[in-house]
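Have a look at the structure below, then the notes.
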Amino acid sequence: MVVSSLADNKYLRYFFYVVLGELFLMGSGQDLPIVGSLTLRMLNFLVGLVISAYLFIRTDEFPKAVLGFILAYLMMMVVSFMLGIVFDSPQEYLFEDLKPLTYFYMLLFFYYMLSSELIIGKVLDILLWAVKVMTVLYLLYMLVTDILGFFSLEGYYQAVDDSGSFMFRGVGSALFYKGFIFLPIGALGFFKRKQYVWMLLTIGAIYFTYTRGLYVLLAFGLLVYYLKTHEVNIYKIIGIVLIALLFYEVAEAMELFSFGDSFAENREESDEVRFTTIREVFERITWWSLFIGHGFGQGVPERPVHMEISYLDIFHHQGLMGLFFWGALLVGILIYGNTVPSKYKETADFYITAALMIYLQSCFNPYVNNPIGMSMVMLAFVICFRLSQDENLSHSSSLQGRLPADECP
């Protein structure tokens, strides 16, 4: 069986689209239970692994780069799991650390599914569809709560209290939803496709989250993508910065926007938790944990499980070994992305930027070591790898013909 022929199997394609839609739209993945604790994301993961194993046996391709990363990841996971056993980690903490990281094994499934220009083009379609849904629903939510006051806030607290995907910001009815990490990436996608109305609506939704990280992520993504797709000299960069500062000052003067008002709630507590966690992690470094970590299930008093900062969590559990792996994956994305044919450059630049946005946000929140952010990093790696190997890509659809103005679904 030739891998590129998978693009002709509509059932596999549709399943892949369901996997992507659930990843982009459903946040932590805990809000769509199937039976008991089995969620749709878990079911998709298990089915994806079975399909990957079947295709690995049946297909005639041997993707060394993809399999190399999977093998290295497997060895790293085995070491961390064994350390957790040796140091008698609480079983619930050990598996709580292990569970989200297993999603990386979907990398082979992504490789097999992204075998044609048609399917690669659909990834952005599905991402932007999910961002549109989140944008419209969140703007409507803010309209009927804070602006029109149709509903009391207490009811919403009760409705989402048991969900692991939502968090109230402390400013009116503002919410942070874990899936909102895709809002800045979606805004970048709308910019790429010149869908400026949707871009502005998404930026509006980002503003009303009152989340500093999303503001930074939006500005970072747009700047990096613009610089990657244009020959920009230093004078233009200075001009962009000055115009942005001027816009902010005018908005402040007209009371249209204020960072001070946006972050009026007390953020000292959350920042202090991060600093305390950092201190406790560094206090526990030994000569051997520096390289391989303390293993799964070994937390610190402030954070027994799932530290807020991804890289701190990776370093504590897997040491420099873990940080090197995720750094190597990013280097792979950059290398493959920068070697794609010119006709695919804009597509590669978008996914490089999206991966960099996930890596940046992981400095503050757990994304790169969580299926939400990990999925975007894996997609970026596979898409850049596929596009750099143009001779092995099925040209069942003209991807370059979808760029940029003609890309609208």
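A few remarks follow.
- Taking amide hydrogens as placed 1.01 Å from N in the peptide plane, the amide H of Leu32 sits under 5 Å from those of Leu40, each at least 5 positions away in sequence or on another chain.
- Packing order of peptides 137-143, 17-23, highest average first: 17-23, 137-143 (average count of other Cβ atoms within 10 Å over each peptide's residues).
- Around the amide H of Phe168, modelled in the peptide plane, lie the amide H atoms of Phe176, all under 5 Å away and 5 or more residues distant in sequence or on another chain.
- For the stretch 346-356, Karplus couplings with θ = phi - 60° (6.51, -1.76, 1.60), whole Hz, Gly/Pro x: 4, 5, 4, 4, 5, 6, 4, 5, 4, 5, 4
- Rounded to the nearest Hz, the phi-derived 3J(HN,Hα) couplings of the stretch 25-37 under the Karplus curve 6.51 cos²θ - 1.76 cosθ + 1.60 (θ = phi - 60°) are 9, 9, x, 6, x, 8, 9, 10, x, 9, 9, x, 8, where x marks glycine and proline.
- Distance violations [Cα-Cα > 19 Å] among Lys194/Lys228; Lys10/Lys99; Lys228/Lys345; Lys122/Lys228; Lys132/Lys192: Lys10/Lys99; Lys122/Lys228
- Cβ crowding within 10 Å averaged over residues, with 317-325, 377-385, 111-119 ranked highest first: 377-385, 111-119, 317-325
- 3J(HN,Hα) from dihedral phi, the stretch 214-227, Karplus parametrisation 6.51/-1.76/1.60, rounded to Hz, x for glycine, proline: 5, 4, 4, 4, 4, 5, 4, x, 4, 5, 5, 5, 5, 5
- Cα centroid separation, the stretch 272-295 to the stretch 92-124 (Å): 29 Å
- Sorting the segments 83-96, 207-220, 121-134, 276-289 by their residues' average number of neighbouring beta-carbon atoms within 10 angstrom, most packed first, yields 121-134, 207-220, 83-96, 276-289.
- On the beta carbon distance between Val35 and Ala72, with R0 = 35 Å, the FRET formula returns roughly 0.55.
Read the figures in this text as sums done on the coordinates, not as results from a lab. Because the structure is predicted, anything quoted here is derived from the model rather than measured. Quick reminder, even Gly has a Cβ in these numbers, built from the backbone with ideal geometry, and neighbours come from all protein chains shown.
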